[in-house]
Amino acid sequence: MANLIISLKNGGKAGKVTVLVPYTNLGGEVAKVLFNAGYVASYAKKSRAKGDVLELGVSYVDAKPRISDVERVSKSSRRVYFGVHDIKPVKNGRGLLVLSTPKGILTGDEARKAHVGGEALFQIW
């Protein structure tokens with residue numbers, strides 16, 4: 001997870017069009033959520049000789065990368081869980097919180113509407 005979000009951030013700062021990260025099912029679901037929110041221009045699973053990779057298109061707004069920073073909330077050493085009432089807007093609504101819920105990977109807004117909480121994966125803005 002950390003590799004995916006940091007690769008997107010660094011790829012945008014380096015001016016890259018796409019970035020490649022190792023494919024995982026969780027990474028594919030997170031890419032779909034980021035695509036729907038506009039933080040990723042495109043995503044696709046590609047097969048390579050050494051294994052599958054996830055190709056992510058870096059999104060730009062006025063020649064600046066859409067992703068300015070990311071923050072991992074839950075780590076393997078410390079898991080952080082939010083109830084539905086604990087989910088707050090990120091950066092006054094300019095950011096996005098991504099959660100792993102019983103209904104799948106959702107943004108903070110989607111989780112509030114579905115009235116579910118879950119493990120907070122990361123924040124992006």
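The values are calculated or read from the model by the stated rules, or taken from the named source; none is laboratory data. Keep in mind it's a predicted model, so treat the numbers as computed, not measured. Using ideal geometry, Cβ is built from the backbone for each residue, glycine included, and neighbour counts are taken over all protein chains shown.
Being touching a helix residue (DSSP H, G or I) at 6+ places or on another chain (Cβ under 7 Å) and assigned to a helix (DSSP H, G or I) is the filter here; which residues of the stretch 83-95 pass it?
84
Here are 76, 47: which of them is out of contact with any strand residue (DSSP E or B) (no Cβ under 6 Å at 6 or more places or on another chain) and modelled with pLDDT under 95?
76
Grab the strands (runs of 3 or more DSSP E) fully contained in the stretch 22-75, keeping just those with 2 or more residues being loosely packed, with under 13 Cβ neighbours inside 10 Å, over 10 Å from the mean Cα position of the chain (by Cα) and in contact (Cβ under 8 Å) with a residue 60 or more places away in the chain.
Numbers: elements: 40-48, 51-58, 70-72.
Result: empty, no element qualifies.
Which members of the stretch 96-108 meet the condition of being touching a helix residue (DSSP H, G or I) at 6+ places or on another chain (Cβ under 9 Å) and not in a strand (DSSP E or B)?
Matches in the stretch 96-108: 103 only.
For the stretch 9-21, state whether one or more residues are of a type in the set (Gly, Ala, Ser), within 21 Å of residue 100 (Cα to Cα) and buried (at least 16 other Cβ atoms within 10 Å of the Cβ).
Checking the stretch 9-21: not a single residue is of a type in the set (Gly, Ala, Ser), within 21 Å of residue 100 (Cα to Cα) and buried (at least 16 other Cβ atoms within 10 Å of the Cβ).
In the set 42, 74, which member is in the same structural domain as residue 100 (by TED's automatic domain parsing) and touching a Phe, Trp or Tyr at 6+ places or on another chain (Cβ under 9 Å)?
Selected residue: 74, the only one of 42, 74 that is in the same structural domain as residue 100 (by TED's automatic domain parsing) and touching a Phe, Trp or Tyr at 6+ places or on another chain (Cβ under 9 Å).
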